[in-house]
Amino acid sequence: MNNLVEATRGDHRSDGRFVLLVVDDDESVGAALVAQLADHRVRGHHFAHAAEALLAAGALQPDAAVVAAGLSTMSCTELVRLLASRAGIPTVVGVGDEDGGVAAAALKAGATACVRRPYRPEEVLPLLRAIRPETSGALDPPIELGGLRVDPATFEVSLDGRTVALPLKEFRLLYFFMTHAERTVTREQLLAAVWGGISDDTSNTLTVHIKRLRRRLALDGDQAPMIVTVRGLGYRFVPAQATATPTTS
């Protein structure tokens, strides 16, 4: 029961992370998923035994659970029913090539979706975002480029150590730019990422928001990050160049 004691110790939501319960008999598969998702601000807790997972679920109150189809300690379908239907915890079932029947039964018992097992973070993360859209920002890691740091979990922005207060739309613009640094992105890409698509009033809105974002990021000197207009195409985000540290002889 040491895993259970350790998992339920302390306030696991104090850092704003997405809390995930992983139930998998295979230690290597379950632990690997927890480790891989840690880079995306998912606080995963792996349990090889279904009974321990159920006890932990009450204490952790996870945002979601991932349950392997081929559990030996309890029927996957029964565990899904207890987690999803009774406890209200959205549950994703990890399935292999031979688990089609189990997958169908688990979905009928209340599972939200199925995902391929062994797990791939790029396939699991979209499901977690869809399950808890209000916490989806917590699944994206902070980014730091040239002294500019953005944290999507807390919506905090700092530039060379000073806090930069940004409204939500400008924050989302900046985060998109930073995840596509040094690449030209089109207006359509920006509108889709921040406003969900193009409408009659969003085109000018984008221009206004970029002008405001440029002003907020401006610093004296030549070290400010830049949002460059690429005529006829869109924009390109150019991070500030890191200032070289003088060396002493």
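Brief remarks follow.
- Rolling a 1.4 Å probe over the protein heavy atoms leaves ILE227 with an accessible area of roughly 10 Å².
- Ranked by the mean number of other Cβ atoms within 10 Å of their residues, highest first, the peptides 228-238, 78-88 come out as 78-88, 228-238.
- The string of couplings for the range 97-110 from the Karplus curve (6.51, -1.76, 1.60, θ = phi - 60°) is 5, 9, 9, x, x, 5, 4, 4, 5, 5, 5, 5, 7, x Hz, one whole number per residue in order, with x for Gly and Pro.
- Once the Cβ-Cβ distance of VAL29 and THR179 is raised to the sixth power relative to R0 = 22 Å, the FRET efficiency obtained is 0.15.
- Solvent-accessible ranking of ASP140, ASP39, largest area first, probe 1.4 Å: ASP39, ASP140
- Phi angles of the range 44-49 translate, via the Karplus equation with coefficients 6.51, -1.76, 1.60 and θ = phi - 60°, into HN-Hα couplings of x, 10, 9, 10, 7, 10 Hz per residue; Gly and Pro are given as x.
- Amide hydrogen proximity for GLU156: with H placed 1.01 Å from N in the peptide plane, the residues at 5 or more positions away or on another chain lying under 5 Å are ASP151.
- 3J(HN,Hα) couplings calculated from phi for the range 50-57 with the Karplus curve 6.51 cos²θ - 1.76 cosθ + 1.60 (θ = phi - 60°) are, in sequence order, 4, 4, 5, 4, 5, 5, 5, 4 Hz; Gly and Pro show x.
- Placing unit charges on the Cβ atoms only, positive for Lys and Arg and negative for Asp and Glu, gives the range 45-160 a dipole magnitude near 480 debye about its Cα centre.
The values are calculated or read from the model by the stated rules, or taken from the named source; none is laboratory data. All values reported here derive from a predicted model rather than from experimental measurement. Cβ: placed from backbone, ideal geometry, glycine included. Neighbour counts: every protein chain shown. With ligands, DNA and RNA removed, areas are computed over all heavy atoms of the protein, side chains included. Shrake-Rupley method; radii C 1.70, N 1.55, O 1.52, S 1.80 Å.
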